[in-house]
1. Residue by residue through the range 403-452, note down the ones that are acidic (Asp, Glu), at pLDDT below 90 and not in a loop (DSSP other than H, G, I, E, B).
2. Would you pick out the residues in the range 218-248 that are surrounded by fewer than 16 Cβ atoms within 10 Å (Cβ to Cβ) and touching a Leu at 6+ places or on another chain (Cβ under 6 Å)?
3. Go through (1) modelled with pLDDT under 95; (2) out of contact with any helix residue (DSSP H, G or I) (no Cβ under 6 Å at 6 or more places or on another chain); (3) not assigned by TED's automatic domain parsing to the domain that holds residue 203 for residue 118 and report which single condition fails.
4. Just to be sure, is residue 349 within 30 Å of residue 297 (Cβ to Cβ), in a helix (DSSP H, G or I) and touching a residue at least 12 places away in the same chain (Cβ under 8 Å)?
5. Considering only the range 359-376, I want to know if a residue exists there that is under 17 Å from residue 424 (Cα atoms), in contact with a helix residue (DSSP H, G or I) (Cβ under 7 Å, 6 or more places away or on another chain), among the charged types (D, E, K, R) and in contact (Cβ under 8 Å) with a residue 40 or more places away in the chain.
6. What about residue 210, is it buried (at least 21 other Cβ atoms within 10 Å of the Cβ), modelled with pLDDT of 95 or more and assigned to a strand (DSSP E or B)?
7. Looking only at the range 26-41, which residues are outside any loop (DSSP other than H, G, I, E, B) and either at positive phi or of a type outside the set (A, V, I, L, M, F, W, C) (or both)?
8. Being among the hydroxyl-bearing types (Ser, Thr, Tyr) and not in a helix (DSSP H, G or I) is the filter; apply it to the range 46-96 and report the residue that is nearest to residue 396 (Cα to Cα).
Amino acid sequence: MDERAERHYAALDLGSNSFHMLIAQDGETLRIIDKLREPVRLGAGLDAEGRISQEAQLRALECAERFGQRLRELPTPHVRIVGTNTLRRAREQKDFRLRLAAVLGHPVEIISGDEEARLIYLGVAHDRSDPGRLRLVLDIGGGSTELILGRDAEIHRAHSLFMGCVSYTRRFFGQSNYGEHAFMAAETAALLELRAVRRRLLESPWELGIAVSGTCTAIAEILQANGWGDGSLQRAGLDELRRAVIQAGSEHALTMPGLQDDRRPVLVGGLAILRAVFASLGVERMEIAEGALREGLLYDLIGRDHQKDIRHASVAAMQSRFGTDRGQADGVAATARALAGQLQFTRDADGFDPTQFLDWGAQLHELGLCVAYTGYHRHGAYLVENANIPGFSRDDTNLLAFLIRGHRRSLHPETFKELSGIHEKWSLPLCVLLRLAVLLNRGRGLDSIPRIEADFERQSVELGFEDGWLDKHPLTRSDLDEEREVMHSVGVSLRY
């Protein structure tokens, strides 16, 4: 591998309006060395049933092929590609995502709105120095709008709302009717969305408003170019822009200094949302910042590579929140790691580290005991599936929930198929090892770690205990007898 590529990191945001890519070089400071952006308008191809049109998919794949040329030389652990609102909402997007990954040469993750908000704030926090000041950060994307309150590096509140410049332009201005009634309808809808979070955002008066990304940056440039602003966003300038858009009456007639051709088709939806945010939260002015989702992705990715993975802290926070038995969790994790170590599990070529997920599954396997002992594996899986766990993609969360649900009781072959890609590949080995680690720690104290041999392609596992050990542990022998039947139900042969 080229020595320079080892210091290069890439972040790609597959957004609802545009695809954005940043490539940076890590050194004493993070230096951006390349940027690419293309208006794909993936969200415009999403129908009411959650299907992405063939035309939109083709635009996305053609763009991905061009971006892929720039990414192919980079090691996968140095690349993070995320899908946001449109891919979150799309039905049956697994095949399309795999096609995108194939042309990009790296896996594609789907992140939640909360994770998107966290990464946006991370990008802003690294881009600006506002020590001690409470900031309101706004990002209006193609399909969602994120509002985050934070001070320094700490997020106080984060909200992701289902409104964006693409979706609102289609919904309220679909016939290119830029009249007063269309604007009123769009702004009223946005105000209703904001009503759910308004009180919580107003509880702590912020000292600084910061807007980021395409819609906000584009509107600030238009305001400045027309003499309605100074490079920031101001309420009076937004009013002037609204009047000018209504006067134009349609997309075709909308021309003004500062308005780029690729922004024209979605400007009105973004403007309506922006004015609603200002009205609902009493904002008079917002500054524009460069750092946003892509920059946050880069800093998060480099943190993982430098042993500063936020996912470890997120798992520990869940343990504290739900009061898990740390001693038992550590015992199960130690056994699981010892078993995996004998099998010499290593980081996958695409950067996926199976031992991390085995450890996280062990740390959280008893999470559901906070609800009830009966069915606690299902309760724990539900909590993980529905919690905001910073740093975890949707696929990551699904695998973690799968391991927690599958660490005891019955297993069903079809549940493994609910996962995708690398997560599906590792689901069986990790589930088997976690089940065995929990079984061997039933006495809530580490007794002995057996020798293990496994061939997961042929689906066979063999445990070797010291002579006489099982005779002295009849409960473990009985548990293994039952486990053998469960393993058989998913095609795994267990011998001991």
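The values are calculated or read from the model by the stated rules, or taken from the named source; none is laboratory data. Keep in mind it's a predicted model, so treat the numbers as computed, not measured. Cβ coordinates were reconstructed from backbone atoms using ideal geometry, including for glycine residues, and neighbour counts include every protein chain displayed.
1. 414
2. 248
3. (1)
4. So residue 349 fails the test.
5. No, because not a single residue in the range 359-376 is under 17 Å from residue 424 (Cα atoms), in contact with a helix residue (DSSP H, G or I) (Cβ under 7 Å, 6 or more places away or on another chain), among the charged types (D, E, K, R) and in contact (Cβ under 8 Å) with a residue 40 or more places away in the chain.
6. yes
7. If the condition is that a residue be outside any loop (DSSP other than H, G, I, E, B) and either at positive phi or of a type outside the set (A, V, I, L, M, F, W, C) (or both), then 26, 31, 34, 35, 37, 38, 39 are the ones that fit.
8. 84
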